[in-house]
Amino acid sequence: MTSEVTPEVTPIASPILDRVAATIESRKGADPSTSYVAKLFSKGDDAILKKIGEEATETVMAAKDARVSGDGSKVLYEVADLWFHSLVLLAQFDLSPQQVLDELARREGVSGIDEKAARKDA
Ligand SMILES: N=c1c2ncn([C@@H]3O[C@H](COP(=O)(O)OP(=O)(O)OP(=O)(O)O)[C@@H](O)[C@H]3O)c2ncn1[C@@H]1O[C@H](COP(=O)(O)O)[C@@H](O)[C@H]1O
């Protein structure tokens, strides 16, 4: 019996991202009065995108403040808010965090400088 050789792809697991994504998915169609995520889904694309914009801006402001105060902890909280709302956005488009991780894995080792140069040549 022969076995096919498949390319070696390192599986990337992130239990916390998967668990939060599963909870977010379960909120589709749930009661907006008892769930923040259900409320966002019920409002639709614009409400989710507005939160992404807000959290990105708050991340920028936290980083600027952290340079002055020397305390980077606020950056952590703002990035967590941004990642969380990005998970909601992914779910809105029926995409999973695993697909983002797979895309990062695909890019691993490819220099951004080289990738940009290859794009210009194409
Ligand atoms: N990780 C989070 C998470 N991070 C932040 N947030 C909420 O995101 C909201 C936006 O944060 P802001 O700082 O902008 O606060 P705000 O000004 O009160 O927000 P707005 O009302 O203006 O949107 C707040 O209500 C936070 O509580 C989160 N809400 C939910 N989750 C996860 O999602 C799961 C499901 O949540 P529910 O759908 O609410 O049950 C939870 O168990 C968590 O795992």
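The values are calculated or read from the model by the stated rules, or taken from the named source; none is laboratory data. On a predicted model such as this, the values are computed, not experimentally measured, just so you know. Cβ coordinates were reconstructed from backbone atoms using ideal geometry, including for glycine residues, and neighbour counts include every protein chain displayed. Surface accessibility is based on the protein's heavy atoms, side chains included, excluding ligands, DNA and RNA. Shrake-Rupley method; radii C 1.70, N 1.55, O 1.52, S 1.80 Å.
Among the candidates Ala62, Ala80, the residue that is in contact with a helix residue (DSSP H, G or I) (Cβ under 8 Å, 6 or more places away or on another chain) and small (Gly, Ala, Ser) is uniquely Ala62. Restricting segment 88-99 to residues that are in contact with a Leu (Cβ under 7 Å, 6 or more places away or on another chain) and assigned to a helix (DSSP H, G or I), the residue that is farthest from Gly44 (Cα to Cα) is Pro97.
Number of residues in segment 103-121 that are under 24 Å from Leu90 (Cβ atoms) and of a type in the set (D, E, K, R) equals 5.
What pairs come out if I take residues in segment 19-37 that are assigned to a helix (DSSP H, G or I) and pair them with residues that are near the ligand (Cβ under 6 Å from one of its atoms) and open to solvent by 40 Å² or more (accessible area, probe 1.4 Å) whose C-beta lies under 8 Å away, six or more apart or interchain? Pairs found: Val20/Phe84; Val37/Thr23; Val37/Arg27.
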